[in-house]
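Chemist: Input: one structure, supplied below.
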Amino acid sequence: VRVVSIFKLENFKEAPYARIVRVVSIFELENEQVEGNQGTAFLVETDLPEWEDYLVYVTAAHVLYMTTRQPGQPPAIKASRVHVYSGMAKSNEDIDEQIARVQARDPAVPFVQGSSYFSVNPEYLAHYTAPDDSRLAHDIGIIAIRKSLVFPCFAKCGGFSLQPTVASTGYKYDSVKVSGYPLKVEIPGAPVCTANIQMYEHGGLIERTATEPTIWQYKSIDTSPGQSGAPLWIKNPGDNQYYVLGVHNYDQKRKKRNQAVLLTRENLSVVLQSIRAH
């Protein structure tokens, strides 16, 4: 995969980066709490009155579920809890100190911790064991956090807007950004980053085709584990707003491409409804 651009972000308190957070899912395995999947999530705007008291973060469904591969167990188990962090350390050397400050609710470290509700698109679980990887077209999860649990700055920063209409096939965008917390980043002349405590940004061309209308694909943007759930976003010069186009979810080495799930009002509503149903 050819890398077009990788930028280490320092302005994570500014728009739109304050809307992008690090996610750590905790799983209950044999009566033991295990830190499992790590990924990225981002805040979106919703106009649904029943969610006006919540911050709604979107991520990849597989960040919130873990494959079990255990006899007698379901194919995947849901996380027992999820931690959401923003503004993490700038270098690997101070990760322990930074996480300790976050857990101690140090006001100098902006963060959100303790989700209220989280769920995934039901179609993702319905297709979980399908041999054709069809679950990847439904790989969207939601973390809904009560505004009363977070610092006021998060409740006020606003979220990404959804595209009001998106052509169903053959659509392309250039100069799209993918911003998230990769587990490993290699930049010439810089130390290798090996923990997703620093936000990085990549950019390039994305497109959809008639054969896979719900999938964005991109070969000019490199990604790594930890960026699952990261937003594909653009800034519209017309209204100066930040729009999210999709949710990064997979590096398909077999097809020599990275991909994301198209995010629409419809599939966002499906996940929110599944939360309310439970």
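The values are calculated or read from the model by the stated rules, or taken from the named source; none is laboratory data. All values reported here derive from a predicted model rather than from experimental measurement. Positions of Cβ are backbone-derived with ideal geometry, glycine not excepted, and every protein chain shown enters the neighbour counts. Quick note on the areas: whole protein, heavy atoms, side chains included, nothing else; ligands and nucleic acids left out. Shrake-Rupley method; radii C 1.70, N 1.55, O 1.52, S 1.80 Å.
Chemist: Please give the length that would be gained between E30 and S269 if that part of the chain were fully extended, namely 0.36 nm times their separation in residues minus their C-alpha to C-alpha distance (nm, one decimal). Numbers along the way, then the final one.
Modeler: Numbers: separation 239, 0.36 × 239 = 86.04 nm, distance 3.38 nm.
The E30-S269 span can extend by a further 82.7 nm.
Chemist: Is there a quick way to get the dipole size of the stretch 198-278? I mean about its Cα centre, with the Cβ of Lys and Arg at +1 and of Asp and Glu at -1; what is the value in debye to the nearest 20? Intermediate values should be presented prior to the final figure.
Modeler: Details: 10 positive and 7 negative charges, 59 e Å.
Value, rounded to 20: 280 debye.
Chemist: Let me ask something additional. Quick one: net charge around Y117, please, counting Lys, Arg +1 and Asp, Glu -1 for every other residue with C-beta under 15 Å from its C-beta.
Modeler: On the way: positive: K78, R81, R146, K147, R276; negative: E50, E52, D53.
With Lys, Arg at +1 and Asp, Glu at -1, the neighbours total +2.
Chemist: Let me ask another. Kindly report the accessible area of the stretch 221-266 per residue (heavy atoms of protein chains, probe 1.4 Å, no ligands, DNA or RNA), in Å².
Modeler: Here the residues of the stretch 221-266 average 42 Å² of exposed surface.
Chemist: Non-local amide H neighbours of L245 (under 5 Å, H modeled in plane, Pro and chain starts lacking H): which ones?
Modeler: Close amide H contacts, sequence-distant or interchain: L232, W233, I234.
Chemist: In the structure displayed, which of K147/K184; K78/K177; K177/K219; K172/K235; K78/K172 lie more than 23 Å apart, Cα to Cα? Write out the running numbers ahead of the final one.
Modeler: Working: K147/K184 32 Å; K78/K177 29 Å; K177/K219 13 Å; K172/K235 15 Å; K78/K172 34 Å.
Beyond 23 Å: K147/K184; K78/K177; K78/K172.
Chemist: Based on the mean of other beta carbon atoms within 10 Å per residue, what is the order of 68-74, 210-216, 175-181, most packed first?
Modeler: Details: 68-74: 9.4, 210-216: 15.3, 175-181: 23.1.
Top to bottom by mean Cβ count within 10 Å: 175-181, 210-216, 68-74.
Chemist: Which far-off residues, 5 or more places away or on another chain, put their amide H under 5 Å from the one on Q227, with H placed in the peptide plane?
Modeler: Here L183 satisfy the definition.
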